[in-house]
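Below: one structure, written as structure tokens.
The values are calculated or read from the model by the stated rules, or taken from the named source; none is laboratory data. Since the model is a prediction, treat every value here as computed from it, not as a measurement. Cβ placement follows ideal geometry from the backbone for every residue including glycine, while neighbour counts extend to all protein chains displayed.
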Amino acid sequence: MPRRKKIFSNAPKMEIQSGAQARQNKNVPHILKGFKDIMPNDQKYWQTLSRVVEKTAGQYGFQKIETPIIEDTSLFTRSVGKETDIVSKEMYSFVDQGGDNLSLRPEGTASVARAFIEHGMLNLPQPVKMYYEGPMFRHENPQAGRYRGLHQFGFEVLGSAAPVVDAQLILIASNICQEIGLKPGSYSIQINSIGCPQCRAEYKKELVLYYKAKRKYLCDSCKKRLVKNPLRLLDCKVPGCQSLKPDAPQILDWLDDSCKTHFMGVVEYLDALEVSYVLNPQLVRGLDYYTRTVFEIVAQGKEEMAQSAIGAGGRYDNLIETLGGNPTPATGFAFGFERMIMHMKEQEVKLKEKRTPDIFLAQIGQQAKVQALKLYERLRKEGILVYENFSKDSLKAQLEISNKLKAKYTLIVGQKEVLDGTVLLRDMDAGVQEIINYEKVTIEMKKKLQQ
């Protein structure tokens, strides 16, 4: 009898590439620089943080708002500021097929302000409290905890100038840090007031005089800021510029009586609430719309996260009017998901263990697979947490999966069980098996799970 030829005997062997090899292969699609896949094993951090945000928002009466990822570019140039780094260097902007100048949103507050005006929310009971979660985009230099495709959540209160609102928002930010399990002392809250445009104008003159005398020590960007946006000089991270900051004039000395009274009110409420904070008279924020109270939540981390802001916010009393709405005082804050999660991992925050399945459903044979599919849906609809792997045919392989998942029980459906109208129940801890009626599986399992 002639020997049977091997099929595909000359076919080339398939090589399995590692992740590193795939990234080096130019023919394989790869993620863009500064962007990140959020993999299944990291979802527990994202879900935990998102649940805390939603729970906290509900407790304080905030309602969720979702705004488009793409907005008219002018929204950000008018609100965030044309000379800010975000607008001048970091925005993803383009002209669409209709000739409109559009941008991927770099932050969330401007869109919330636009929605407030566009939907006539000034007519609602004031203040209006809203929160959001979502992706933002900034073309900046990627580094630890900083991405071009980032995610933020934010809380905004529109329609109140009261200092108590600022203090409560700072408290909310602190509570979120505590709720996700950050250790006391692993972060600090730094606060300041940058006053109103009127008192800030005199301060800017003094600031420019100080830095003009030190111009030769400034980086190239700060030499431009000295002319276009002097307040940004205090926010530069270049070491040479940082060394000049301690002796720079402090804006608190230039606040008018109204701004001074407002800031003292914020501080008094924080003291009454026993919120720990650090007064940082040189703290400014990188966006033009801020007025009066500003604050940052700073992670006290290891080298890669040392003194890194994980959240920040402040008051923006003139933004709504700047965008064409009626004068409306407002305040808010935002946190970066990536930075928060990086700090959670660094602090080794213990997350709730994933719930183990009540039941694993195994099957042997085609008819049994159909029967098991139906049974799975019955159990699921009754709220029983049940796992399966219908792609596996081997009972041994399915029982191994059940063990790894630490299921309390395994239900087994084979050809015999299909004919008899039964299901084999195995207690995975005791190793005991029993036969139960297929039609009574749900009732019997509920009884056992309640024991």
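General remarks:
- Each residue in the stretch 348-390 was checked for being in a loop (DSSP other than H, G, I, E, B) and either touching a Ser or Thr at 6+ places or on another chain (Cβ under 8 Å) or of a type in the set (A, V, I, L, M, F, W, C) (or both), and 8 pass.
- Restricting the first member to the stretch 156-185 and to residues that are in the same structural domain as GLU54 (by TED's automatic domain parsing) and under 27 Å from LYS352 (Cβ atoms), and the second to residues that are among the polar types (S, T, N, Q) and in a loop (DSSP other than H, G, I, E, B), the beta-carbon pairs closer than 9 Å and six or more apart or on different chains are SER174/SER276; CYS177/SER186; GLY181/GLN347; LEU182/GLN347; LYS183/GLN347; PRO184/SER276.
- Residue check: HIS30 meets all listed conditions (1) of a type outside the set (Lys, Arg); (2) outside any helix (DSSP H, G or I); (3) buried (at least 17 other Cβ atoms within 10 Å of the Cβ) but one, namely (3).
Matching residues to (1) out of contact with any strand residue (DSSP E or B) (no Cβ under 8 Å at 6 or more places or on another chain); (2) of a type in the set (A, V, I, L, M, F, W, C):
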| position | (1), (2) |
| --- | --- |
| GLY61 | no, no |
| ILE65 | no, yes |
| GLU71 | no, no |
| LYS89 | yes, no |
| ASP96 | no, no |
| SER111 | no, no |
| MET130 | no, yes |
| HIS139 | yes, no |
| PRO142 | yes, no |
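- Pairing residues of the stretch 236-261 that are free of Cβ contacts under 8 Å to residues at least 40 places away in the same chain and within 20 Å of TYR290 (Cα to Cα) with residues that are of a type in the set (Gly, Ala, Ser) and part of a helix (DSSP H, G or I), at Cβ distances under 8 Å and at least 6 apart in sequence or on separate chains, gives CYS236/SER221.
- Restricting attention to the stretch 52-103, the residues that are without any contact (Cβ under 8 Å) to a residue 12 or more places away in the chain, within 30 Å of LEU226 (Cβ to Cβ) and small (Gly, Ala, Ser) add up to 1.
- If you go through the stretch 322-371 and keep only what is small (Gly, Ala, Ser) and more than 21 Å from the chain's Cα centre (by Cα), you end up with GLY324, GLY325, ALA330, ALA362, GLY365, ALA368.
- Residue within the stretch 380-400 that is aliphatic (A, V, I, L, M) and within 26 Å of SER308 (Cβ to Cβ) present: no
- So GLY81, is it small (Gly, Ala, Ser), under 30 Å from LEU323 (Cβ atoms) and modelled with pLDDT under 80: yes
- Some residue of the stretch 277-300 being on the phi < 0 side of the Ramachandran plot, in a helix (DSSP H, G or I) and of a type in the set (Gly, Ala, Ser): no
- Here GLU439 clears all of (1) outside any loop (DSSP other than H, G, I, E, B); (2) closer than 30 Å to PHE295 by Cα; (3) of a type in the set (D, E, K, R) except the condition numbered (2).
Matching residues to (1) under 29 Å from TYR211 (Cα atoms); (2) acidic (Asp, Glu); (3) touching a helix residue (DSSP H, G or I) at 6+ places or on another chain (Cβ under 6 Å); (4) in contact (Cβ under 8 Å) with a residue 12 or more places away in the chain:
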{"residue": "PHE263", "(1), (2), (3), (4)": "yes, no, no, yes"}
{"residue": "VAL275", "(1), (2), (3), (4)": "no, no, yes, yes"}
{"residue": "ARG285", "(1), (2), (3), (4)": "yes, no, no, yes"}
{"residue": "TYR289", "(1), (2), (3), (4)": "yes, no, yes, yes"}
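- One residue from LYS381, LYS374, LYS350 being loosely packed, with under 13 Cβ neighbours inside 10 Å, over 26 Å from LEU169 (Cβ atoms) and in contact (Cβ under 8 Å) with a residue 40 or more places away in the chain: LYS350
- Of the residues PHE137, PHE155, the single one that is surrounded by 15 or more Cβ atoms within 10 Å (Cβ to Cβ), under 19 Å from SER74 (Cβ atoms) and either among the basic types (Lys, Arg) or in contact with a helix residue (DSSP H, G or I) (Cβ under 9 Å, 6 or more places away or on another chain) (or both) is PHE137.
- Residues in the stretch 231-252 that are surrounded by fewer than 17 Cβ atoms within 10 Å (Cβ to Cβ) and either over 15 Å from ARG200 (Cα atoms) or of a type in the set (Ser, Thr, Tyr) (or both): LYS237, VAL238, PRO239, GLY240, GLN242, SER243, LYS245, PRO246, ASP247.
- Qualifying position, being of a type outside the set (Asp, Glu), surrounded by 13 or more Cβ atoms within 10 Å (Cβ to Cβ) and under 27 Å from ASN141 (Cα atoms), among TYR211, TYR277, TYR203, TYR269: TYR211
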